[in-house]
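The values are calculated or read from the model by the stated rules, or taken from the named source; none is laboratory data. Keep in mind the model is a prediction, meaning the values are calculated, not measured. Here the Cβ is made from the backbone with ideal geometry for all residues, glycine too, and neighbour counts use every protein chain on show. Heavy atoms of the whole protein, side chains included, go into the accessibility calculation; ligands, DNA and RNA do not. Shrake-Rupley method; radii C 1.70, N 1.55, O 1.52, S 1.80 Å.
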Amino acid sequence: MAKPAGPLCNLDCHYCYYLGKSALFPEGPIRRMPDELLERYVRTYIASSPGPLVHFEWHGGEPLLAGLDFFRRAVELQKHYLPPGWGCVNSIQTNGTLLDAQWCSFFAEQTFHVGLSLDGPASVHDPSRVTKGGGPTHQRVLRGLRLLQEHGIDPDVLCTVNAHSAAHPLETYRFFLRHDVTWLQFIPIVRHTRNGEVSEDSVTPEALGTFLCTIFDEWVRHDMARISIQTFLESLRVWSGQPSILCVMAETCGHVLVVEHDGSLYSCDHFVDPEHRLGTLEDLSPGDAAGSARQIEFGNSKRDSLPSQCRTCPVLFACNGGCPKDRFATTPDGEPGLNYLCAGYRAFYQHITPYMERMVAHMRSGRNPSLLMEELKRQEGPEERRWAATSRNDPCPCGSGRKFKTCCLPLRRPYGAGAGAGAGVPSRYRTRFGPPERPANRIRGAAR
């Protein structure tokens with residue numbers, strides 16, 4: 001994962017953990033990665049790759065601040081150094097506010113995979129994702145999304161889940177359906193204050209579990225064939241007996257190193273600090289860094305440092321302890337190393353287990369797992385008819401004692417309906433349910 005402009009960004013998102021990395025480079029103002037360093041990176045990275053397809057991941061900060069000419073030069077160097085018969089895939093993660101027709105044309109011409117950071121509707125997005133002056137950014141990001149789509153690019157949308165957004169799962173999810181998003185990933189926000197406490201804008205374990213379960217319940221009944229959601233598809237991989245591609249769910253990690261704008265190499269995007277600095281491109285190739293004893297130990301420690309509670313957990317095969325950056329909690333018997341989000345992940349994986357088992361059964365019989373949608377429709381038909389027969393002013397069938405119109409009606413989405421009242425139906429259904437087709441390093445995600 002290369003950071004061509006380092007931690008520089010044109011936004012000031014409240015939960016961003018990378019803006020503070022500027023303190024690692026105190027010598028002067030941060031510039032983009034110089035041309036000679038870019039060439040060394042491209043050359044040595046290709047030489048370190050087993051091929052025949054080389055994946056380049058451009059991240060930030062905001063990588064578009066490096067400028068369009070930088071990426072034109074990067075593509076030129078890739079073509080120069082690629083061995084005959086080899087190819088490369090470029091992926092870039094952007095906040096979308098700097099996108100214009102020129103950028104989108106370049107991405108389309110060079111077949112870049114584009115990740116777009118967007119937290120949902122304006123009411124969910126704008127409280128946290130702000131400009132340097134504290135202003136809203138939603139309209140600019142939405143404009144970027146439309147420009148990408150107009151140029152034939154279906155971006156991979158990265159949506160963070162924080163204390164505010166976690167309270168609006170269906171509103172957030174249906175927003176993405178309305179705007180024709182076909183690939184979506186959720187990244188939980190967990191931050192620490194200066195005194196070491198979990199910040200107020202961090203999502204709680206319970207809220208994360210409810211958020212994921214609520215969206216899964218709607219997706220599995222209505223949308224399996226129209227939108228790919230990273231966590232759900234990775235779960236299906238694991239339940240079907242395949243290893244997870246996503247590092248947060250994998251048994252070990254350490255396969256996505258960071259190259260900073262100055263050539264420094266670090267173990268992981270979440271561990272860009274002096275302790276995890278492996279060296280520089282001047283004295284260490286990307287391949288040597290990835291295969292070093294320090295990096296292998298870093299990756300294996302995710303598995304080796306699990307507390308006893310995790311080792312006996314029935315959903316360990318899916319969770320694998322989560323991201324090491326969040327493993328700062330203690331178990332009930334006082335053992336360190338428990339993931340702060342453990343309760344949420346456990347609730348989610350336990351909730352989806354029966355659905356995953358039924359989907360895997362379809363797959364093993366050579367059928368499409370999305371047939372589960374039809375099964376659930378038939379199975380839940382009588383209950384659905386009961387809800388459909390309820391008038392707006394009738395007592396809500398959920399038993400709350402409130403009128404239906406002020407209780408569950410706004411959340412109801414009957415089978416075959418669009419993405420909610422007044423939402424409209426997306427014009428494109430280009431995704432097909434199945435395993436993720438993004439490059440392995442592309443489906444990783446980081447809160448940006």
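Between residue 333 and residue 76, how many nm apart are label points set 7 Å from Cα along the C-beta direction?
So the two model labels end up 6.3 nm from each other.
State to the nearest 20 debye the size of the charge dipole of the chain about its Cα centre, where the only charges are +1 on K and R beta carbons and -1 on D and E beta carbons.
1480 debye
How large is the charge dipole for segment 1-149, taken about the Cα centre, if only the Cβ atoms of Lys, Arg (+1) and Asp, Glu (-1) carry charge, to the nearest 20 debye?
In total the dipole reaches around 40 debye.
Please compare each pair in 132/325; 377/403; 3/79 to a cut-off of 23 Å on the Cα-Cα distance and tell me which ones are over it.
With Cα atoms farther than 23 Å apart: 132/325; 377/403.
Could you sort 48, 244 by their accessible area in this structure, using a 1.4 Å probe and putting the largest first?
Largest accessible area first, the residues go 48, 244.
What does DSSP give for the chain in terms of the percent of beta bridges that are antiparallel, rounded to the nearest 5?
30 percent
Counting only residues 5 or more places away or on other chains, whose amide H sits under 5 Å from the amide H of residue 327 once H atoms are built in the peptide plane?
Those qualifying (amide H under 5 Å, at least 5 residues apart or on another chain) are 340.
Show 132, 377 ordered by accessible area, largest first, where the area counts protein heavy atoms only and the probe is 1.4 Å.
In descending accessible area the options line up as 132, 377.
Provide the gained length on full extension for the span residue 398 to residue 146, in nm with one decimal, where the gain is 0.36 nm per separating residue minus the Cα-Cα distance.
86.9 nm
Which one of 287, 81, 222 is farthest out on the positive end of the charge dipole of the chain, using unit charges on Cβ (Lys, Arg +1; Asp, Glu -1) and the Cα centre as origin?
Towards the positive end, the residue furthest out is 222.
So who's got an amide H within less than 5 Å of the one on residue 279, skipping anything under 5 residues away but keeping other chains? H placed 1.01 Å off N, in plane.
Those qualifying (amide H under 5 Å, at least 5 residues apart or on another chain) are 265.
Residue by residue through segment 4-20, what is 3J(HN,Hα) from phi via Karplus (6.51 cos²θ - 1.76 cosθ + 1.60, θ = phi - 60°)? Round to whole Hz and write x for glycine and proline.
Using θ = phi - 60°, the values come out as x, 10, x, x, 4, 8, 8, 10, 9, 4, 4, 9, 5, 9, 9, 4, x Hz.
Quick check: from the Cα gyration tensor, does segment 209-339 come out rounded (a/c under 1.5), prolate or oblate?
Judged from the Cα gyration tensor, segment 209-339 comes out oblate (a/c at least 1.5, b/c at or above a/b).
Restricting to bridges with both residues inside segment 41-162, how much of the DSSP beta-bridge set is antiparallel, in percent to the nearest 5?
Antiparallel: roughly 5 percent of the beta bridges in segment 41-162.
Give the residues of segment 218-246 whose amide nitrogen is closer than 14 Å to a point set 7 Å from the Cα of residue 317 in the direction of its Cβ.
235-244
Which ³J(HN,Hα) values in Hz, rounded to whole numbers, follow from the phi angles of segment 44-52 under the Karplus curve 6.51 cos²θ - 1.76 cosθ + 1.60, where θ = phi - 60° and Gly and Pro get x?
These are the phi-based 3J(HN,Hα) values: 6, 5, 5, 5, 7, 7, x, x, x Hz.
Out of segment 216-318, which GluC sites (Glu not before Pro) are coil in DSSP terms and have no more than 10 other C-beta atoms within 10 Å?
Passing sites in segment 216-318 are 282.
Rounded to whole Å, give me the distance from the Cα center of segment 96-129 to that of segment 166-239.
19 Å
With θ set to phi - 60° and the Karplus curve 6.51 cos²θ - 1.76 cosθ + 1.60, what are the ³J(HN,Hα) couplings of segment 107-112 in order, to the nearest whole Hz, using x for Gly and Pro?
In residue order, the calculated couplings are 4, 5, 5, 9, 6, 6 Hz.
Around residue 131, which amide H atoms from residues at least 5 apart in sequence, or from another chain, sit under 5 Å from its own amide H, with H modelled in the peptide plane?
12
How much length is gained on full extension from residue 411 to residue 361, taking 0.36 nm per residue of separation minus their Cα-Cα distance?
That works out to 15.0 nm of additional length.
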